[in-house]
Amino acid sequence: MAVFDRREVILPCTPLDIQARATFTVSHNGYENLELKPKLPPNKNTEQYCLILDLDETLVHYFEVDGMGNYDIRPGMHEFLERMNQLGYEIVIFTAATQDYADWVIDQIDPGRLIHHRLYRQHALPWGPIFVKDMSKIGRDLDRCLIIDNVQENFMLQPHNGIFIVTWYDDPHDTALFALTPLLDELIVSRAKV
């Protein structure tokens, strides 16, 4: 038997500053990404902040050379993960990529296992050509949950919990992750709600 959930969202402004509302009905017919159970295991520390990071064009950039898959790492990514871990964030990768690809990359970029959890395409909500990352479904207090993503539409269901980061392909002088560090430091020190 199908279960339906009716929602209304305000979509992000377009370049013409037009704001729209969308009402949609979600059918929970056994699709993992639409189930009501939380996506992450319970966190014993309910006071811990959860930092959700996108993978592609936020932390890495995938490319092919002679048919072989490869990736580059955004400048400062390792230092950023280390600092966020030191601050006590629960670090989660939430990618619209497939699980096999994402695991291949994450296993290589995070040898110290600073990333606590991984969520993939099957955990996201299909929305036309994109996969929306619905943070209300991961089992964390949204007052202590932030997402950093290079696609604003990916966090359109919780826009106040999202931080847009510029898309990264190959700029060796990029400082976007370094620029976010003071803000994320302050959030931990002040214990403010997101």
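Would you tally the net charge around Gly162, using a Cβ to Cβ cut-off of less than 13 Å, leaving Gly162 out, and scoring K and R as +1, D and E as -1?
-3
Other residues whose C-beta falls under 11 angstrom from the C-beta of Arg144 contribute a net charge of -1, scoring Lys and Arg +1 and Asp and Glu -1.
Dipole magnitude for the stretch 47-131: computed about the Cα centre from +1 point charges on Lys and Arg Cβ and -1 point charges on Asp and Glu Cβ, it is near 220 debye.
Relative protection proxy for 64-74, 105-115, from highest mean packing down: 105-115, 64-74 (other beta-carbon atoms within 10 angstrom). Of all DSSP beta bridges confined to the stretch 31-158, the antiparallel ones make up roughly 45%. Of the accessible area of the stretch 62-194, computed with a 1.4 Å probe over protein heavy atoms only, carbon and sulfur atoms account for 53 percent. The Cβ shell under 14 Å around Ile130 holds other residues with a net charge of -4, Lys and Arg each +1, Asp and Glu each -1.
The values are calculated or read from the model by the stated rules, or taken from the named source; none is laboratory data. As the structure is a prediction and not an experimental result, all values here were calculated from the model. Reconstructed Cβ throughout: ideal geometry from the backbone, glycine too, with neighbour counts over all protein chains shown. When the accessible area is computed, the model is the full protein with side chains, heavy atoms only, and any ligands, DNA or RNA have been set aside. Shrake-Rupley method; radii C 1.70, N 1.55, O 1.52, S 1.80 Å.
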